[in-house]
Amino acid sequence: MGNKTIDKAKKYIMSTYASFPLVFDRGEGCYLYDDGGKKYLDFVSGIAVNALGYGHQRLIEAISDQTKKLTHVSNLYYNEPAVELAEKLSKHSGLDKVFFCNSGAEAVEAALKLSRVYCKKNKSKDAYKIISMKNSFHGRTFGAISATGQLKYQKDLDPMMPQVDFAEFNDLEDLKSKITPETAAIIVEPIQGEGGINTADIKYLKDVRALCDENKIVLIFDEVQSGIGRTGKFFAYQQYGVVPDIVTCAKGLGGGIPMGAIIAKDQIADAFTPGSHASTFGGNALSASAALVVVDELMEKGLIDNVVEQGNYLKEKLEEVKNKYPEIEEVKGTGLMMGVSLKGVTPIDVVKKAMEKGLLLVGAGSDVIRFVPPLIVGKEEIDEFIEIFISALEDLR
Ligand SMILES: Cc1ncc(COP(=O)(O)O)c(C=O)c1O
């Protein structure tokens, strides 16, 4: 069965992914089933996307009800789910106004564009430079990839968008040395996801905020991966008590339906005027209706507390594994955005071995395995994950 689909995919889909030979057919809770009926515990969640897992009843109902009423109208008009969602995102972020798009890279583009537009109008017409972090990841569009601090993603694409500089993550002096009067924005992931679950120090982020204030620089937090409850707060920056000028989000926001957004302070957001930026599908009623369920489950129905509880449990269990297995060097991350750095064994070997045993995992950086299960995960599933993970490590000895 799977082979036919895979052969067809190879013929008709460009091979930008080194996909595993697995065809998924359906999901339920934290589990996926392939087309042969084999069950997999999913600690990937579509790479930090399926916040409510699979087959979530409220999500299904909201999407089906909305589909019957209206899926899309142009942003030349208003639709209620998008407006309701914007209000909730504003409330839960502590920021003011939203621009909707469809993906993480698009959110990053919007943030970069907004900060340039704002600075041209309010700082100087020469304030157009962006400072990003080494080892960061911001997406695959030209602007976002130009602001991504990992050369491997830029291979064969040169020249990149000019005027982007890169500073060492968590190194304030290096960042200071890169700031010039032309600097418009600094973009940082509070927790680098693709780069290997690297967490920013609290003092560093506070100092970055102060540097931005002193130098009239727009501070962008890219929370495409760490946002929407993933770390146990609506946004990871709320763990730090540092508020950005613009935050990007996507991934978990639509619970599996494409949806991205930036949220900005009024003063910055108001630099965008009709015609400054646009997205045909951004904030369409279908995606917004899905996101409303995700946000409501997290912030009103207590799912965020589950992330904290299960995140602590997961960390405790991983520390136990680390104490017994020298293959684990360090336990990294917060909430349900966790990972371990490995030694003597490669992430891809662990991913493959775990997959054989019915557990889906994904690597990050060069030596990290990432654990980003659906936010509805429970203790039983974490115990099952630990059991399979250990058995994969043992098999690889
Ligand atoms: C921090 C961050 N920003 C941006 C992106 C790009 O998101 P998308 O793949 O939805 O364009 C990602 C994706 O992994 C991400 O982790």
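The values are calculated or read from the model by the stated rules, or taken from the named source; none is laboratory data. In this text the structure is predicted, and so the values were computed from the model without any measurement. Reconstructed Cβ throughout: ideal geometry from the backbone, glycine too, with neighbour counts over all protein chains shown.
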Original post:
Here are some conditions: (1) outside the structural domain of Ala250 (by TED's automatic domain parsing); (2) in contact (Cβ under 8 Å) with a residue 24 or more places away in the chain; (3) closer than 23 Å to Lys301 by Cα. Leu32 meets all but one. Which one does it not meet?
Top reply: (3)
Original post:
Considering region 25-43 alone, what residues qualify as being among the basic types (Lys, Arg) and surrounded by 17 or more Cβ atoms within 10 Å (Cβ to Cβ)?
Top reply: none
Original post:
Does region 59-73 hold any residues that are farther than 12 Å from Asn284 by Cβ and either surrounded by fewer than 16 Cβ atoms within 10 Å (Cβ to Cβ) or hydroxyl-bearing (Ser, Thr, Tyr) (or both), and which are they?
Top reply: Ile60, Glu61, Ser64, Asp65, Lys68, Lys69
**OP:** Go through (1) in the same structural domain as Gln154 (by TED's automatic domain parsing); (2) more than 24 Å from Cys249 (Cβ to Cβ); (3) surrounded by 11 or more Cβ atoms within 10 Å (Cβ to Cβ) and name the single condition Leu76 misses.
**Re:** (3)
Original post:
Name the residues in region 1-26 that are under 22 Å from Lys353 (Cβ atoms) and under 28 Å from the mean Cα position of the chain (by Cα), would you?
Top reply: Ile6, Tyr17, Ala18, Ser19, Phe20, Pro21, Leu22, Val23, Phe24
Original post:
Regarding Lys69, is this residue in contact (Cβ under 8 Å) with a residue 12 or more places away in the chain, of a type outside the set (A, V, I, L, M) and touching an Asp or Glu at 6+ places or on another chain (Cβ under 8 Å)?
Top reply: no
**OP:** Residue by residue through region 137-152, note down the ones that are of a type in the set (A, V, I, L, M, F, W, C) and surrounded by fewer than 17 Cβ atoms within 10 Å (Cβ to Cβ).
**Re:** Phe142, Leu151
**OP:** Starting from region 327-345, take each residue that is of a type in the set (Phe, Trp, Tyr) and list its partners that are surrounded by fewer than 22 Cβ atoms within 10 Å (Cβ to Cβ), counting only C-beta distances under 7 angstrom and pairs at least six apart or across chains.
**Re:** none
Original post:
If you go through region 334-384 one residue at a time, how many are polar (S, T, N, Q) and surrounded by fewer than 17 Cβ atoms within 10 Å (Cβ to Cβ)?
Top reply: 2
Original post:
Is there a residue being surrounded by fewer than 22 Cβ atoms within 10 Å (Cβ to Cβ) and either in contact with an Asp or Glu (Cβ under 9 Å, 6 or more places away or on another chain) or without any contact (Cβ under 8 Å) to a residue 24 or more places away in the chain (or both) anywhere in region 103-116?
Top reply: no
Original post:
Which fully enclosed helices (runs of 4 or more DSSP H) of region 29-135 have 2 or more residues being touching a Phe, Trp or Tyr at 6+ places or on another chain (Cβ under 9 Å)?
Top reply: 80-93, 104-122
Original post:
Scanning region 245-264 for residues that are surrounded by fewer than 24 Cβ atoms within 10 Å (Cβ to Cβ) and at negative phi, which turns out nearest to the ligand (Cβ to nearest atom)?
Top reply: Pro258
Subject >> Matching residues in region 94-138 - criterion: being small (Gly, Ala, Ser) and either touching a Pro at 6+ places or on another chain (Cβ under 9 Å) or away from the ligand (no atom under 16 Å from the Cβ) (or both) >> reply: Gly94, Ser103, Ser124, Ala127
